[in-house]
Amino acid sequence: MLGKDIQGSIDTRRETIDKVGVKNLRYPIIVQDRLEGLQKTVAELDFFVELPHYYRGTHMSRFIEVLNSYHQEDLIENLPRMLESIKERLNADRAYINLKFPYFMEKRAPVSGITSMLSYDCVFLASLGEMYELTIGVEVPITTVCPCSKEISKYGAHNQRSIVTVLLNYKGFVWLEEIIEYVESVASSQVYSLLKREDEKFVTEQGYDKPQFVEDIVRDLAILLKKDQRVTGFKISSENFESIHNHNAYAYLEWHKSNE
């Protein structure tokens with residue numbers, strides 16, 4: 001005989017909990033791939049619901065039950081349905097799903113044409129209350145060359161690998177690849193997994209010809225994103241892992257179309 005449902009018992013402290021659930025659950029997922037159609041990867045998932053003040057706890061196992069029911073499907077495409085299922089199963093007014101996963105793209109070296117795979121860390125942040133809301137994000141590695149260093153040096157200029165993070169709100173459909181391409185287009189040069197000597201020469205000289213501060217990166221990227229009619233808002237940051245300093249350089253820019 002099962003005991004009393006403690007989680008579902010009445011709580012008298014009258015404190016609503018904004019988010020309660022499970023975190024860092026690793027799970028195989030399928031995401032849409034612009035070139036191949038679908039791509040299999042492994043995600044870390046967080047599931048939360050808003051817990052009313054009158055319930056002592058939530059039923060954690062029900063999050064996993066809902067997830068397992070979508071095991072063979074495109075999880076991203078079904079996020080609204082999953083959130084609705086979570087709300088129903090846990091009797092909640094609001095539900096949240098966060099996904100973090102590596103996404104792989106084939107990169108072709110600029111001169112030799114040799115191909116290799118490069119991974120990008122991606123996130124999908126979805127919530128459902130009265131309305132469905134979705135934010136997608138990508139961390140894109142790039143190279144930047146310091147304009148100041150180039151200006152004051154007789155030869156050479158210091159460069160660094162940088163991470164540009166984009167969190168995007170949009171209408172319609174946006175490929176992850178499109179966001180990545182936007183970021184890489186404003187870099188001094190792209191990052192590759194595999195380069196031959198002729199490729200190294202090319203990317204080094206390309207970066208030298210296009211020096212960029214972190215401020216340049218976020219401004220140029222903001223201009224590109226604002227021109228895309230699908231984009232309704234974004235948060236973008238650029239962080240340089242400095243090669244001649246023991247600190248990082250950082251810039252952040254946020255924009256929402258409704259604020260204009």
### Task
Go through the residues of the stretch 56-65 one by one and say whether even a single one is touching a Lys or Arg at 6+ places or on another chain (Cβ under 8 Å), free of Cβ contacts under 8 Å to residues at least 40 places away in the same chain and either assigned to a loop (DSSP other than H, G, I, E, B) or among the charged types (D, E, K, R) (or both).
yes
### Query
Quick one: in the stretch 16-55, which of the residues that are among the hydroxyl-bearing types (Ser, Thr, Tyr) and in a strand (DSSP E or B) is nearest to Ala126 (Cα to Cα)?
Tyr27
### Message
Checking Tyr132 against (1) crowded, with 17+ Cβ neighbours inside 10 Å; (2) in contact with a helix residue (DSSP H, G or I) (Cβ under 6 Å, 6 or more places away or on another chain): exactly one of these is not met. Which one?
### Response
(1)
### Query
Any idea which residue in the stretch 100-114 is nearest to Ser85 (Cα to Cα), counting only those that are in contact (Cβ under 8 Å) with a residue 60 or more places away in the chain and in a strand (DSSP E or B)?
Phe101
### Task
Among the numbered conditions (1) under 15 Å from Arg94 (Cα atoms); (2) of a type in the set (Ser, Thr, Tyr); (3) surrounded by fewer than 18 Cβ atoms within 10 Å (Cβ to Cβ), tell me where Thr58 comes up short.
(3)
### Message
Going residue by residue through the stretch 121-128, is there one that turns out to be of a type in the set (Gly, Ala, Ser), part of a strand (DSSP E or B), over 13 Å from the mean Cα position of the chain (by Cα) and on the phi < 0 side of the Ramachandran plot?
### Response
yes
### Message
Among the residues of the stretch 78-94, are any surrounded by 14 or more Cβ atoms within 10 Å (Cβ to Cβ), of a type outside the set (D, E, K, R) and part of a strand (DSSP E or B)?
### Response
no
### Task
Working only within the stretch 141-173, note down all residues that are small (Gly, Ala, Ser) and closer than 14 Å to Asn248 by Cα.
Ser162
## Note on the structure
Note on Val111: of the conditions (1) surrounded by 17 or more Cβ atoms within 10 Å (Cβ to Cβ); (2) at pLDDT 95 or above; (3) more than 24 Å from Thr41 (Cα to Cα), unmet is (1)
### Task
Could you check, for the stretch 58-69, whether at least one of its residues is out of contact with any strand residue (DSSP E or B) (no Cβ under 6 Å at 6 or more places or on another chain) and closer than 24 Å to Phe173 by Cα?
yes
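Each row is one residue, and each column tells you yes or no for (1) more than 30 Å from Tyr132 (Cβ to Cβ); (2) part of a strand (DSSP E or B).
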{"residue": "Ser149", "(1), (2)": "yes, no"}
{"residue": "Asn169", "(1), (2)": "no, yes"}
{"residue": "Glu177", "(1), (2)": "no, no"}
{"residue": "Asp216", "(1), (2)": "yes, no"}
{"residue": "Arg219", "(1), (2)": "yes, no"}
{"residue": "Asn240", "(1), (2)": "yes, yes"}
{"residue": "Tyr250", "(1), (2)": "yes, yes"}
### Task
Mind telling me which of the residues Val49, Val42 ends up being at pLDDT 90 or above, in contact with a strand residue (DSSP E or B) (Cβ under 8 Å, 6 or more places away or on another chain) and either surrounded by 14 or more Cβ atoms within 10 Å (Cβ to Cβ) or of a type outside the set (A, V, I, L, M) (or both)?
Val49
### Task
Taking only the stretch 179-207 into account, find how many residues are among the polar types (S, T, N, Q) and assigned to a helix (DSSP H, G or I).
3
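The values are calculated or read from the model by the stated rules, or taken from the named source; none is laboratory data. Fair warning: this is a prediction, and the values are worked out from it, not measured in the lab. Note that each Cβ is placed from the backbone with ideal geometry, even for glycine, and that neighbours are counted across all protein chains shown.
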